[in-house]
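Novice: Have a look at the structure that comes next, please.
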Amino acid sequence: MVQRSNSCYASRHFCHRKAAAVSHASALRKPSPTPHPNLVTIARVLHVARDEKIADFLAYYRGIHPADRLPSRRDFDPMAVPRLLPHLILVEVVHGDRPGFRIKVAGEEIVRAFRMPLQGRRLEDIAEEDEPGRPYSILTRAAVAKSGLVAHYCGAPRMRFALDFADIEYVHCPLAEDGVTVDQIVSVFHYHGFDSEP
């Protein structure tokens, strides 16, 4: 009788310790972090991007994207994507009395499409000349600056260019020094039907 009591006690004690260990392990196990909304958007755009340059840049951008915040300009190394440099344009988000976007760097193919100097110019000034009506170059980037999400477009050009081509495809990718507030936007453009590359 005593042996059975000891056996029951040992069994109950073992079960209690096992339950406590499971409870402790569950408490230590952290839930899987929710991916940043921009990473979800990038994955979606990668499925629909037509041009290889757009897809390649998105893959690079996803690679420098932290799990919990937006990448910053310091995370972005243009020399890591040398083949794409002619197709890149980097704009700064301007705040203050006259908010908008200022072009910091424009690749050769971008300049060639406009046939005008672009570096240092404001997109608003260019839009007044080339986008009568709705300035899509401003509206699309304003949406990116507000949402912190990549924007992709592929279709007929919505502004005048100096070159003839069938369709245009681009992606706008937000950068944020503090990981939240978008302060720069890097974009890649491809002009379908016009290619200087062999």
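Novice: Looking at the range 121-172, which of the residues that are modelled with pLDDT of 90 or more and of a type in the set (S, T, N, Q) is surrounded by the most Cβ atoms within 10 Å (Cβ to Cβ)?
Specialist: Filtering the range 121-172 for residues that are modelled with pLDDT of 90 or more and of a type in the set (S, T, N, Q), the one surrounded by the most Cβ atoms within 10 Å (Cβ to Cβ) comes out as Thr140.
Novice: Tally time: how many residues in the range 74-97 are over 21 Å from Tyr60 (Cβ atoms), in contact (Cβ under 8 Å) with a residue 24 or more places away in the chain and either surrounded by fewer than 18 Cβ atoms within 10 Å (Cβ to Cβ) or not assigned by TED's automatic domain parsing to the domain that holds Glu177 (or both)? Before the answer, list the steps.
Specialist: Restricting attention to the range 74-97, the residues satisfying the condition of being over 21 Å from Tyr60 (Cβ atoms) are 93-97.
Okay, now just the ones that are also in contact (Cβ under 8 Å) with a residue 24 or more places away in the chain, so 93-94.
Narrowing the set further to residues that are either surrounded by fewer than 18 Cβ atoms within 10 Å (Cβ to Cβ) or not assigned by TED's automatic domain parsing to the domain that holds Glu177 (or both) leaves 94.
Qualifying residue count for the region: 1.
Novice: Pull out all pairs, ordered by first then second residue, where Cβ-Cβ is under 8 Å, the residues are six or more apart or on different chains, the first lies in the range 39-66 and is in contact (Cβ under 8 Å) with a residue 60 or more places away in the chain and at positive phi, and the second is among the aliphatic types (A, V, I, L, M) and in a helix (DSSP H, G or I).
Specialist: Pairs that qualify, where the first residue is in contact (Cβ under 8 Å) with a residue 60 or more places away in the chain and at positive phi and the partner is among the aliphatic types (A, V, I, L, M) and in a helix (DSSP H, G or I): there are none.
Novice: Next question, about the same structure. Could you figure out which of (1) modelled with pLDDT of 95 or more; (2) exposed (fewer than 15 other Cβ atoms within 10 Å of the Cβ); (3) within 16 Å of the chain's Cα centre (by Cα) isn't true of Ile54?
Specialist: (2)
The values are calculated or read from the model by the stated rules, or taken from the named source; none is laboratory data. The shown structure was predicted, so the numbers you read here are calculated from the model rather than taken from an experiment. Every residue, glycine as well, gets a Cβ built from its backbone with ideal geometry; the counts of neighbours run over all protein chains shown.
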